[in-house]
Every structure is written in C-alpha cells, then in structure tokens.
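Data first, discussion second: the structure below is written as structure tokens.
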Amino acid sequence: MSIRGVNISIKGLGYRYSSRGNPTFSNLMLESPRGEALAIIGRSGCGKSTLLHIIAGLNRPTEGTMHFDDKKIEGPSSRWVMMFQAPHLFPWMKVSQNVGVGLGFAGWPEKEKAERVAEALKLVELSDYADTNVQDLSGGQQQRVALARSLVMEPELLLLDEPFSALDAFTRASLQRDVRSIAKRLGFNLIIVTHDIDEAVLMADRALIMAGAPGKIVHEFAVNLTDPRQRQDPAVQSMRARLMDAFHTAAQVAGAPAEEVAEEAGAESSSVSQHA
Ligand SMILES: Nc1ncnc2c1ncn2[C@@H]1O[C@H](COP(=O)(O)OP(=O)(O)OP(=O)(O)O)[C@@H](O)[C@H]1O
Ligand SMILES: [Mg+2]
C-alpha cells in the first residue's frame, strides 16, 4: 500500500445547523501537516463531531474554506475516511468481503482486490479470520475489520469519532496503540475526536482543546512522547495531567459547572487507567 498523508489547511470555518440559530462554531482556523496525528478534545456538545463531519466532506461549512494540499474540499472522497463508534459492517458477509467492499464498488479486479484485502488484514492482525463471518467476532475484532476496510482505500486521512469508546479498556488500549503505529508506518494523517484525555495522549502528536459555544480551539499542546507509549510512563502521566488541567480550565471558562466537567474528563480516563 502506498499512503502519503496530506497537508490540511482550514481557514475561517463556520457552521450553523439552522439559519436562525447560533453558530456551532465560527472563524475556526486549523493547520495540520502531512502525517500528523491530531487529537481534538472537548466536552460534550462543543462541536467536535460537527467539525469532523465537515472535514470529512459529509457536511458543507456555512463559511470558510478547507484545502488538502492545494485541493479545495467540497465533498466526501475515499481519500479521507471516517471511523465511527460502531463498526457498521455487513453482518451477512465474511471478514474479507467486508474489507473489500469499497474496492468492489471501485471496480477492482478480483485478484488485485484479494491481494489488497490480505495486506490490510495483516496490518490489523486479522489474517486468520479472513473467512470468518463478522457476526462471530468480538466488538474489538469488528472495529479492526472496520479499520482494515478503511485502510484498503489507501486514505490520506483517517478521521476517528470516539471510535473505541464502546470497547473494554484492554481492547481499546490495543487499538489505540495499533492505529497510531499503522498510521505512522504508512504515513497518513489522523484526526481523533475524543473526550478521553488518555486517548489523546496515547495517540496524538498534537492535541487541541475545544470549548465554548460557539466552539473555539482554546489550547494547543505538542504531545512530544516517544513510541510505544505506555500509560504508566511518567512522561505520559505528566502530559495527561497538563491536558487535564487545561481541559478543566477551558470548560469552566466556557461556563460548565465544575462537577460536571470533572465527571466528564476524569471518570472515563481514570477507569481506563485502572484497568489497562
Ligand atoms: N443535526 C443537528 N441539528 C441541530 N443541532 C445539532 C445537530 N447535531 C448536533 N447539533 C448541536 O450542535 C452542537 C454540537 O454538536 P456535536 O455533536 O458536534 O458535539 P460534540 O462535541 O461531538 O459532542 P459529544 O462529545 O457529545 O459527541 C450541539 O449543541 C448539538 O446539540
Ligand atoms: Mg460527538
């Protein structure tokens, strides 16, 4: 597979769901260089999913522009692929058929399709399950099938909207590690939307904190940590503490009750720390 990543440039982006309502966000600026893993953290409702859908070309912005390299983005493409919390597989198909479905739509000959599918299954460590029906897989394995289905399209950018939040802590940790390592090996960009601060620290090169209504990017952190990242490593813990502080401050400035903010940022992350 030859994947190369993309330079993302977003200028003055704004979005409103209705012409009379308040904007979800306005005048948002975002640059992400080729191959970067970028996390966007923020409390519920600040507009993270809306932003991700716009970057994926699934929703049209109401103002501003987006360029990937020099190309203006005005709609969806197989070059940028979104992974959701649920894997959305075809339950009557085998693993390999699910992974090859996009190549089938694109008219790939069977032999080339089978080779590409085998390559993607190897990357997600599911080669032994190629002929298994997806209904016989665990939730984590199904998410790996969804990942392989994205990878066969050789995306420049993989967009993740809390894709692992329904999984148990061990499965989540292994997917967080593997998605980052595959992205780094192949060179494509990641944008990960999450309210799990641990996820941002374990997966990202840079983390942005979004807050307020309309949503704004209020903080930016370079996550300069060596790979593979271990949750218990002091440098990881210290980055986590810095991000958690900024998250709390941003959310409080944006007007959320302190206890609600603490619950949202802390409960989820600490449950991961205890188990994984
Ligand atoms: N289809 C829609 N129509 C109208 N308003 C919407 C729609 N989808 C989302 N919103 C509103 O836009 C705002 C941002 O929603 P969004 O789903 O982007 O938040 P989020 O940061 O992803 O939240 P969460 O962390 O809960 O997933 C919220 O106030 C939400 O109520
Ligand atoms: Mg969301």
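Relative to the longest principal axis of the Cα atoms of the chain, helix 139-151 runs at roughly 80 degrees. Dipole of the chain (Lys/Arg Cβ +1, Asp/Glu Cβ -1, origin at the Cα centre): which of 87, 200, 26 lies farthest to the positive side? Going by the charge dipole, the pick is 26. Relative to the current alpha-carbon distance between residue 90 and residue 62, full extension at 0.36 nm per residue lengthens the span by 6.7 nm.
Taking max minus min of the alpha-carbon positions on each principal axis, the range 68-168 gives extents of 43, 36, 22 Å, largest first. Mean separation of Cα pairs under 8 Å and 6 or more residues apart, divided by the residue count, gives the chain a relative contact order of 25 percent. Modelled this way, with points 7 Å down the Cα-to-C-beta line, the labels at residue 185 and residue 213 are 4.4 nm from one another.
With the simple spin-label model, which puts each label point 7 Å out from Cα in the Cβ direction, the residue 230 to residue 132 separation comes to 2.9 nm. Taking every lysine pair in the chain that is 8 or more places apart or spans two chains, those with Cα atoms closer than 19 Å amount to 11.
Where both bridge residues fall in the chain, DSSP classifies roughly 50% of the beta bridges as antiparallel.
Note on residue 1 and residue 70: the model spin-label points, each 7 Å out from Cα along the C-beta direction, lie 2.8 nm apart.
For residue 132, the residues whose modelled amide H falls within less than 5 Å of its own, excluding neighbours fewer than 5 places apart on the same chain, are 95, 96.
We did not get these values from a lab; they are worked out from the coordinates using the rules stated. Everything quoted here is computed from the prediction, not taken from an experiment. Reconstructed Cβ throughout: ideal geometry from the backbone, glycine too, with neighbour counts over all protein chains shown.
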